[in-house]
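Trainee: One structure coming up, written as structure tokens, with questions to follow.
The values are calculated or read from the model by the stated rules, or taken from the named source; none is laboratory data. All of these numbers come straight from a predicted model, not from anything done at the bench. Backbone-built Cβ (ideal geometry, glycine too); neighbour counts: all protein chains shown. Quick note on the areas: whole protein, heavy atoms, side chains included, nothing else; ligands and nucleic acids left out. Shrake-Rupley method; radii C 1.70, N 1.55, O 1.52, S 1.80 Å.
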Amino acid sequence: MKPAPFDYHAPATIDEVVHLLTELDDAKVLAGGQSFIPLLSMRLAVFEHVVDLRRVEELRGIETHDDSVRIGAATTQATVERDAEVARLVPLLSRALPLIGHFQIRNRGTIGGSLAHADPASELPAVALALDAEFEAASVRGRRVIRASEFFTGTWSTSLDEDEILVGVRFPVWSGRCGFAVKEVTRRHGDFAMAGACVAVEVDHSGTVARCAIGLFALGSTPLRATAAEQSIVGVPASEVDAAALGRAAVADLGSIPADLNGSSDYHRRIGATVVGRAWTSAIEEALRD
């Protein structure tokens, strides 16, 4: 199929983009297009105007600081995946990226596009949520910062206003004895996950858990934090944390997990618990090696 007719716009600056979004009715921005173009082509989405961001150089780039890494929204996933400083400072992000589709998709797909698309089965929203990332949005009214915990509102929906665009994402840098892991269950490599988890953990000099973050994806209409499970192991010696029990605790408060063609609600809950346990095991092994 072909997309329904639309007017195409290719602004060169953020200012031009936000003014177009204010002036046009029924407009949608196009970043890498790896999700949006198929939706248009199958006519699952129809817009009168498409605003292409690929000429906006301000939206690209990686800035590293001692306590954070800022990534421009239009920076491709492949660019971030290959960046050695991102791998050193935000390992959880770096390890999630190779799990996204295939390299052809990551060559065009963007960090901001994946986050703003807000697919609950996608890896990057869960990573952003687990790390308490901050989202920078722009409109004609100026710029504002949205915390990851407030950004994702439902399947394919965010707290961005219709006249706003995502311009950058800031990921905090964890320091100390830390470990990070992302695990998921898919039918084939590159498929959307049936359940996934990302874990970040810090231990003190004695091997006691100082802090932990657990992000879940493909287990609800948004990415999720297993807050109760995280808090239950803070202050506990890592050697005393049972990975299987932590996995069960992480999914215990999720309510009813939607069933789908891949399996029942109970099946998704079981594999969700399993991937949390696997991610914890890998993350804590790394933390204790340092």
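Trainee: Looking at VAL50, VAL69, which one is closer than 21 Å to GLU162 by Cα, touching an Asp or Glu at 6+ places or on another chain (Cβ under 9 Å), assigned to a strand (DSSP E or B) and open to solvent by less than 20 Å² (accessible area, probe 1.4 Å)?
Mentor: Sole residue among the options that is closer than 21 Å to GLU162 by Cα, touching an Asp or Glu at 6+ places or on another chain (Cβ under 9 Å), assigned to a strand (DSSP E or B) and open to solvent by less than 20 Å² (accessible area, probe 1.4 Å): VAL50.
Trainee: Quickly run through the stretch 132-170 and pick out the residues that are of a type in the set (A, V, I, L, M) and either surrounded by 24 or more Cβ atoms within 10 Å (Cβ to Cβ) or outside any loop (DSSP other than H, G, I, E, B) (or both).
Mentor: ALA133, ALA137, ALA138, VAL145, ILE146, ALA148, ILE165, LEU166, VAL167, VAL169
Trainee: For the condition open to solvent by 40 Å² or more (accessible area, probe 1.4 Å) and closer than 30 Å to THR208 by Cα, what is the one hit in ARG188, ARG95?
Mentor: Values: ARG188 fails: closer than 30 Å to THR208 by Cα.
After ruling out the rest, the residue left standing is ARG95.
Trainee: Exactly one condition in (1) part of a helix (DSSP H, G or I); (2) open to solvent by 10 Å² or more (accessible area, probe 1.4 Å) is not met by ARG211; state its number.
Mentor: Against the list (1) part of a helix (DSSP H, G or I); (2) open to solvent by 10 Å² or more (accessible area, probe 1.4 Å), ARG211 comes up short only on (1).
Trainee: Condition test on GLY235, is it in a loop (DSSP other than H, G, I, E, B), farther than 24 Å from SER68 by Cα and touching a residue at least 24 places away in the same chain (Cβ under 8 Å)? Before you say what the answer is, go through the steps one by one.
Mentor: Details: in a loop (DSSP other than H, G, I, E, B): yes; farther than 24 Å from SER68 by Cα: yes; touching a residue at least 24 places away in the same chain (Cβ under 8 Å): yes.
Answer is yes for this residue.
Trainee: Exactly one of these conditions fails for PRO120: (1) part of a loop (DSSP other than H, G, I, E, B); (2) open to solvent by less than 20 Å² (accessible area, probe 1.4 Å); (3) within 16 Å of ALA31 (Cα to Cα). Give me its number.
Mentor: In the conditions (1) part of a loop (DSSP other than H, G, I, E, B); (2) open to solvent by less than 20 Å² (accessible area, probe 1.4 Å); (3) within 16 Å of ALA31 (Cα to Cα), PRO120 misses (3) alone.
Trainee: Kindly indicate whether THR227 is more than 23 Å from VAL69 (Cα to Cα) and surrounded by fewer than 16 Cβ atoms within 10 Å (Cβ to Cβ).
Mentor: Judged against the criteria, THR227 is a match.
Trainee: Among residues belonging to the stretch 53-66 that are charged (D, E, K, R) and under 21 Å from PRO11 (Cβ atoms), point out the one that is surrounded by the most Cβ atoms within 10 Å (Cβ to Cβ).
Mentor: ARG60
Trainee: May I pose another question? Which one of VAL182, VAL251 is under 22 Å from the mean Cα position of the chain (by Cα), in contact (Cβ under 8 Å) with a residue 24 or more places away in the chain and under 28 Å from ARG106 (Cα atoms)?
Mentor: Going through VAL182, VAL251 in turn, the sole match is VAL182.
Trainee: Is it the case that the stretch 23-31 has a residue that's touching a residue at least 12 places away in the same chain (Cβ under 8 Å), more than 18 Å from LEU115 (Cα to Cα) and surrounded by fewer than 16 Cβ atoms within 10 Å (Cβ to Cβ)?
Mentor: Yes: the stretch 23-31 contains one or more residues that are touching a residue at least 12 places away in the same chain (Cβ under 8 Å), more than 18 Å from LEU115 (Cα to Cα) and surrounded by fewer than 16 Cβ atoms within 10 Å (Cβ to Cβ).
Trainee: Same structure, new question: Output the residues belonging to the stretch 247-270 that are part of a helix (DSSP H, G or I) and open to solvent by 20 Å² or more (accessible area, probe 1.4 Å).
Mentor: ARG248, ALA249, ALA252, SER265, ASP266, TYR267, ARG269, ARG270
Trainee: Filter the stretch 185-208 for residues that are over 25 Å from THR76 (Cα atoms), touching a residue at least 60 places away in the same chain (Cβ under 8 Å) and assigned to a strand (DSSP E or B) and give the result.
Mentor: Keep residues of the stretch 185-208 that are over 25 Å from THR76 (Cα atoms), which gives 187, 201-208.
With touching a residue at least 60 places away in the same chain (Cβ under 8 Å) added as a condition, the list becomes 187, 201-203, 207.
Once the filter is applied, which keeps residues that are over 25 Å from THR76 (Cα atoms), touching a residue at least 60 places away in the same chain (Cβ under 8 Å) and assigned to a strand (DSSP E or B), the stretch 185-208 yields VAL201, GLU202, VAL203.
Trainee: Right, next: Give just the number: which of (1) out of contact with any His (no Cβ under 7 Å at 6 or more places or on another chain); (2) at pLDDT 95 or above does ASP7 not satisfy?
Mentor: All conditions are met except number (1).
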